[in-house]
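Here's the structure we're looking at; comments come further down.
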Amino acid sequence: MTDLLFHGGPVFTAASPYPGFSGPPVFAEAVLVREGRVAAVGAEADVLRQARPRTETVDLRGRLLTPAFTDAHVHPVQAGLERAKCELSEVFGLPAYVQKIAEYAGAFPGKPWVDGGGWDMAAFPGGLPHRSQIDFVDRPVYLIQRDHHAAWVNTRALEIAGITAETPDPADGRIERDADGTPSGVLHEGAMDLVGLLTPRPTAGDLDAALMDAQEHLFSLGITGWQDAIVGSYAGSDDNFPAYLSAAGSGRLKARVVGALWWDRNRGADQIEELEARRAQAGGSFSAGSVKIMQDGIAENFTAAVIEPYCNCGPDQRGLSYVEPGALKGYVAELDRRGFQVHFHAIGERAVRESLDALEGTSPGNRHHIAHLQIVEPSDVPRFGRLGVTANLQPLWATHHLQMDELCIPFLGEERSSWQYPFAGLVRTGARLCAGSDWPVSSADPLQGMHVAVNRTEPGGSVHAGYPTAQTPFLPGQSLDLATAMTAYTAGSAWIDHDDEAGVIAVGNRADLVVLDRDPYALPPRDIWTTGVALTFAAGEAVYERPSS
């Protein structure tokens, strides 16, 4: 493998103290890579003296070199599948959705179902589309909401599934209904399976192609490692574990991946033996030492678990705790004893508290983390640092977008709304941070996430950028500086994946590196979103190069 020398621009090493990030970010001037690892980093003159003849030079030309990014919470296989179906995430609004659906149905007349996803709750009054809006399609339609907590179906799909006014809601979901009780065409949470399990199943080849497509896309965004936040079957999805085993075994999985094995909330501790068997099967660039527990739903459909009732929703509407808190503590203790990392989904403040309670007394060495953290009751913020629990941030959501302003804040109330996405509070109280995207729920681009973490406003390229309050900072006191945000996406997320040879540009570490197309530290903060990726390297191998314009 040819030696590589990077020079001529700033190098963000991500070697800042962690957690806390006190002091300025640590920069260098040059990096030498040999046999896929960092051989030297520091002042340009010192690094140049260590270069050998025939070293390949990368002139940064003032651009920033950074450790490659790791996405700590993402769903690549599901994203790859959706990219091959009726994909709605790049457009917004009912007319645009209808046009896309009609085009897809016309382009694939032989498909028995029209399926896909990416629609946004904010595009509909009250966040709810209706079956009648897609009854023009001559086949059943099943479209997953962008955040994967609901599905939009037409009348034909409801008929095939036998869902009527008499069909009861499942324990972990809800069938949205018209005033007369007729299903309206929206299925929340566990109710998605009533139709989702009837849709055509992807083949092993489909899952493999989806993973490879997703890997290519993530490389283009500078991401060379990730934690797949659901490895297993959930809400009509298909088991992606074999696809990872195949790709890792053949060497086609060039990224470093941790699979968070799905915890079936309808079962108990008996499933732990099966999780251990899966962990033992993994190998190569794919490991499976994490377990994903989804403790609640989302605030927009009132399934996020909250302490006090939602406003204007009745005295008993406090959302759902998917795993009974007493049982949860026992499950987590046993997983921790067996050396598993626990990866929680927690949106509401009650779910966050239940997750922290379950993690009391566990080993910090297992690197447990809680993702999303939309609402955190202030007294729980310092518990992350005290317990050694990492805060897994999805920064893109922390803005004044329509979904926030119309479907969250009015139902959370003024005080609880002020508890949302407390990034700065977590840092101040000693929490370790990692970061991810939840793609395809939102963009996988880490630089867009960094823009929001710093500015608490919508990036300029977002479909929500034109919303009237999109450029009004959302709780700006919870903003992060760019170095802290970038460290979360590099050192922080690599650490949560137990990948101690990545995330920091240091001698001996794997040369997972990204050349950005400019230096975002030299830009006004409002322009961070304009930064893109020019080159991505995994273990010193170029895995992405932006095409010349």
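Below is a table of values for the structure above.
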quantity	calculated
Top-ranked residue in segment 314-339 [being free of Cβ contacts under 8 Å to residues at least 40 places away in the same chain and outside any loop (DSSP other than H, G, I, E, B); ranked as farthest from residue 354 (Cα to Cα)]	337
Subset of segment 125-152 that is loosely packed, with under 14 Cβ neighbours inside 10 Å and assigned to a helix (DSSP H, G or I) - its residue that is modelled with the highest pLDDT	132
Strands (runs of 3 or more DSSP E) wholly inside segment 3-100 that include at least 2 residues being of a type in the set (Val, Ile, Thr) and in contact (Cβ under 8 Å) with a residue 40 or more places away in the chain	27-34, 37-42, 56-59, 69-74
Search result, residues across segment 508-528 that are closer than 16 Å to residue 65 by Cβ, within 23 Å of the chain's Cα centre (by Cα) and not in a loop (DSSP other than H, G, I, E, B)	513, 514, 515, 516, 520
Unmet criterion (only one of (1) of a type in the set (Phe, Trp, Tyr); (2) under 18 Å from residue 306 (Cβ atoms); (3) assigned to a loop (DSSP other than H, G, I, E, B)) for residue 439	(2)
Qualifying residue in segment 505-515 (condition: surrounded by 17 or more Cβ atoms within 10 Å (Cβ to Cβ), of a type in the set (A, V, I, L, M, F, W, C), more than 20 Å from residue 421 (Cα to Cα) and touching a Pro at 6+ places or on another chain (Cβ under 6 Å))	yes
Every pair of residues 6+ apart whose Cβ atoms lie under 6 Å, when the first sits in segment 161-185 and is closer than 22 Å to residue 133 by Cβ and free of Cβ contacts under 8 Å to residues at least 24 places away in the same chain while the second is among the polar types (S, T, N, Q) and part of a strand (DSSP E or B)	177/184; 178/184
Single residue of segment 283-294 satisfying the filter (touching a Gly at 6+ places or on another chain (Cβ under 9 Å) and buried (at least 23 other Cβ atoms within 10 Å of the Cβ)) that is nearest to residue 229 (Cα to Cα)	292
Residue that is surrounded by the most Cβ atoms within 10 Å (Cβ to Cβ) [pool: residues in segment 382-405 that are in contact with a strand residue (DSSP E or B) (Cβ under 9 Å, 6 or more places away or on another chain) and β-branched (Val, Ile, Thr)]	390
Residue within segment 478-499 that is closer than 24 Å to residue 34 by Cα and surrounded by fewer than 17 Cβ atoms within 10 Å (Cβ to Cβ) present	yes
Which listed residue is at pLDDT 90 or above and either crowded, with 21+ Cβ neighbours inside 10 Å or of a type in the set (A, V, I, L, M) (or both), from 122, 105	105
Checking residue 274 against (1) surrounded by fewer than 18 Cβ atoms within 10 Å (Cβ to Cβ); (2) modelled with pLDDT of 95 or more; (3) in a loop (DSSP other than H, G, I, E, B), the condition it does not meet	(3)
Scan of segment 252-271 for residues that are acidic (Asp, Glu) and either out of contact with any helix residue (DSSP H, G or I) (no Cβ under 7 Å at 6 or more places or on another chain) or part of a strand (DSSP E or B) (or both), ordered by number	270
Every residue from segment 236-281 that is out of contact with any Gly (no Cβ under 8 Å at 6 or more places or on another chain), under 20 Å from residue 371 (Cα atoms) and either β-branched (Val, Ile, Thr) or in contact (Cβ under 8 Å) with a residue 60 or more places away in the chain (or both)	260, 263, 265
Subset of segment 406-436 that is among the aromatic types (Phe, Trp, Tyr) and part of a helix (DSSP H, G or I) - its residue that is surrounded by the fewest Cβ atoms within 10 Å (Cβ to Cβ)	411
Any pair with Cβ under 9 angstrom, 6 or more apart, that starts in segment 415-442 at a residue that is free of Cβ contacts under 8 Å to residues at least 40 places away in the same chain and within 15 Å of residue 404 (Cβ to Cβ) and ends at one that is buried (at least 20 other Cβ atoms within 10 Å of the Cβ) and not aliphatic (A, V, I, L, M)	417/408
Number of the exception - residue 299 against (1) closer than 21 Å to residue 413 by Cα; (2) without any contact (Cβ under 8 Å) to a residue 24 or more places away in the chain; (3) aliphatic (A, V, I, L, M)	(2)
Residue satisfying condition, being free of Cβ contacts under 8 Å to residues at least 24 places away in the same chain and under 24 Å from the mean Cα position of the chain (by Cα), within set 365, 284	365
Residues that are surrounded by 16 or more Cβ atoms within 10 Å (Cβ to Cβ) and over 22 Å from residue 227 (Cβ atoms), drawn from segment 312-332	318, 319, 320, 321, 325, 329
Yes/no for residue 489 being part of a helix (DSSP H, G or I), touching a residue at least 60 places away in the same chain (Cβ under 8 Å) and under 21 Å from the mean Cα position of the chain (by Cα)	yes
Conditions (1) within 19 Å of the chain's Cα centre (by Cα); (2) surrounded by fewer than 22 Cβ atoms within 10 Å (Cβ to Cβ); number of the one not met by residue 376	(2)
Number of the condition not met by residue 122 [criteria: (1) in a helix (DSSP H, G or I); (2) at positive phi]	(2)
Of all residues in segment 224-250 being of a type in the set (A, V, I, L, M, F, W, C) and either within 18 Å of residue 438 (Cβ to Cβ) or under 14 Å from the mean Cα position of the chain (by Cα) (or both), the one that is modelled with the lowest pLDDT	235
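The values are calculated or read from the model by the stated rules, or taken from the named source; none is laboratory data. All values derive from a computational prediction rather than experimental measurement. Cβ: placed from backbone, ideal geometry, glycine included. Neighbour counts: every protein chain shown.
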